[in-house]
Amino acid sequence: MITYWETGTFFTRLNEYQPNCWINSQELTNEDVELLINEYDVPRDFILDVLDIDERSRIEIEENNVMIILRVPLNNQNNGVSFITVPMGIIIQGSQIITICSRRTEIIPSLIKAINENKITICNQFDYVLRIFLISSVWFLQFLKEINVQTALIEKDLENATKNKELHRLLGMEKCLVFFITSLKSNEMVLAKMRNSRNMKGINHDEDLMEDVVIETKQALEMANVYSDIQSGMMDAFASIISNNLNVIMKQLTSVTILLMIPTLIASLFGMNIPNSFENSPFAFGYVIAISICLSLFGILLFKWKNWF
């Protein structure tokens, strides 16, 4: 899907293409790809790179075009990993900017909302790029907080767990953090190259905005690293806890089995076809039951005293 936006103090959606407008394309179809290539001179190789889910962040400068790929976070509830990252392509062609992404993300709507509500004046196209980087870092932080909340819920469930279901959920959170750390590191490299690119033709940017973006990106990266270290320790700790919980249950079941053997043994002894002191007693059944109960209670008290039960 391709949409056109008039840039300035406000973002206004256009019904059709106008020169120097912002072209935003998400969830590309084959027709959208051909339109970008034939009408707006977007290199086919660049589009294919953006459509590759594993593409790393980078910046390329070719004649009058500046092509940037950054990794942006995405809420993904369809497969076992709650949050992933996908590449987003940005092309600056003079006064025109084109953004390309294979999936629909929260980055672009958040950018439009932030610009329109705060009436932010953007001086050049590279400031748009920095705003996208900034919004992306903010969403990284937001998703990291959600990962932390979900991890806390899993941790609570793991305290009494005896199966691996919770560990699989925790492993899913660990995968999210690995995706985030890898993406943030590559985004940081692109920012460093942009920051040190003053001698490159046509690259100018707001230094204060660049500083804010770098700080937010580093904060998100540090938070992701901290959460990842914590979860790695939790995986080992809770694997031991699950094993210990299972051992406790097995000990309790073994104790119950031993206690149930006591009345069975008594009944078996007095049920043999050999002479015993109760064969002619009318109260033999009651005596056997009483002996079984007394020995079972004694066994329970012994197990309690030894802390085996």
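Residues that are assigned by TED's automatic domain parsing to the domain that holds ILE132 and in contact (Cβ under 8 Å) with a residue 60 or more places away in the chain: does the stretch 42-56 have at least one? Give the derivation first.
Within the stretch 42-56, the subset assigned by TED's automatic domain parsing to the domain that holds ILE132 is 42-56.
Going one step further and asking which of them are in contact (Cβ under 8 Å) with a residue 60 or more places away in the chain, we end up with 56.
Looking for residues that are assigned by TED's automatic domain parsing to the domain that holds ILE132 and in contact (Cβ under 8 Å) with a residue 60 or more places away in the chain, one finds at least one in the stretch 42-56, hence yes.
Scoring ASN65 on the criteria (1) exposed (fewer than 13 other Cβ atoms within 10 Å of the Cβ); (2) free of Cβ contacts under 8 Å to residues at least 40 places away in the same chain leaves a single failure, condition (1). The residue that is farthest from PHE179 (Cα to Cα), among those in the stretch 5-60 that are of a type in the set (Ser, Thr, Tyr) and in contact with a Leu (Cβ under 8 Å, 6 or more places away or on another chain), is SER25.
Among all positions in the stretch 211-233, there is no residue which is free of Cβ contacts under 8 Å to residues at least 40 places away in the same chain and over 30 Å from LEU141 (Cβ atoms). Contact map, the stretch 248-260: residues that are β-branched (Val, Ile, Thr) paired with residues that are surrounded by 11 or more Cβ atoms within 10 Å (Cβ to Cβ) and modelled with pLDDT of 80 or more, Cβ distance under 9 Å, separation 6+ or inter-chain. Pairs shown: ILE258/GLY299. Scanning the stretch 217-241 for residues that are modelled with pLDDT under 90, of a type in the set (D, E, K, R) and more than 17 Å from the chain's Cα centre (by Cα) turns up just one, ASP236.
Mind telling me which of the residues LEU70, LEU36 ends up being assigned to a strand (DSSP E or B), surrounded by 18 or more Cβ atoms within 10 Å (Cβ to Cβ) and modelled with pLDDT of 85 or more?
Details: LEU36 fails: assigned to a strand (DSSP E or B).
Result of the check over LEU70, LEU36: LEU70.
Taken together, THR85, THR105 contain a single residue that is in a loop (DSSP other than H, G, I, E, B) and of a type outside the set (Lys, Arg), which is THR105.
The values are calculated or read from the model by the stated rules, or taken from the named source; none is laboratory data. Worth saying up front: this structure is predicted, and the values here are computed from it rather than measured. Cβ: placed from backbone, ideal geometry, glycine included. Neighbour counts: every protein chain shown.
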